[in-house]
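*Asks:* One structure is given below, represented as structure tokens, and several questions about it will come after.
Read-outs throughout are calculated quantities, based only on the coordinates presented, and are distinct from any laboratory measurement. Note that the structure is predicted; figures quoted are calculated from it, not measured. When we count neighbours, we look across all protein chains shown, and the Cβ atoms used for this are built from the backbone with ideal geometry, even at glycine.
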């Protein structure tokens, strides 16, 4: 991908996917309750975030073409494999409205062998309701559905382990 293409794609995300009038003060922050949603997974199953209440969760918004997101997927895979038996849930919200195609996302998830569910935000409605202003954006959510931490930019397994100690 040449520099011009990358610039256009970045501007597209900023100006079309995330409205220019978006007020970052409306974005969900630490101490607030998560917004429930139901989306299809890459395996064509419905996932309702509310059904995961009672578990600590990591919710991350990402795209396949974002290199930081790709790095984060590897870290989340490592973390999930270490913690899934402890009742920790990881959910990837792919901002499919910013992708070339849904098929590419499904291919990426299969090729990367992501062990956690990835849901498809095809219309961009969930990312808009969360007022995601950059990717990746991750939320660490407690058992009661409250946001305990918000991380802008890539998150590592080590950062997640530390956040769990703070819960």
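*Asks:* Between residue 146 and residue 102, how many nm apart are label points set 7 Å from Cα along the C-beta direction?
*Replies:* Distance between label points: 3.7 nm.
*Asks:* For the residues 160, 52, 167, what sequence is obtained by ranking on other C-beta atoms within 10 Å, fewest first?
*Replies:* Details: 160 24, 52 19, 167 11.
Sorted ascending by nearby Cβ count, the order is 167, 52, 160.
*Asks:* Counting residues in segment 18-144 as N, plug N into 2.2 N^0.38 Å and put the Cα Rg over that result.
*Replies:* On the way: Rg = 13.8 Å, N = 127, 2.2 N^0.38 = 13.9 Å.
My calculation over the Cα atoms of segment 18-144 gives 1.00.
*Asks:* Right, next: Order by neighbour count: 38, 63, fewest other Cβ atoms within 10 Å first, most last.
*Replies:* 38, 63
*Asks:* Looking only at segment 42-167, where both bridge partners belong to it, what percent of the DSSP beta bridges are antiparallel (to the nearest 5)?
*Replies:* 50
*Asks:* At 7 Å along the Cα-to-beta-carbon direction for both residue 82 and residue 156, put a label point, then send me their distance in nm to one decimal.
*Replies:* 1.1
*Asks:* Could I ask something else about it? How do 32, 75 line up, fewest other C-beta atoms within 10 Å first? Numbers along the way, then the final one.
*Replies:* Details: 32 13, 75 17.
Placing the least packed residue first, the sequence is 32, 75.
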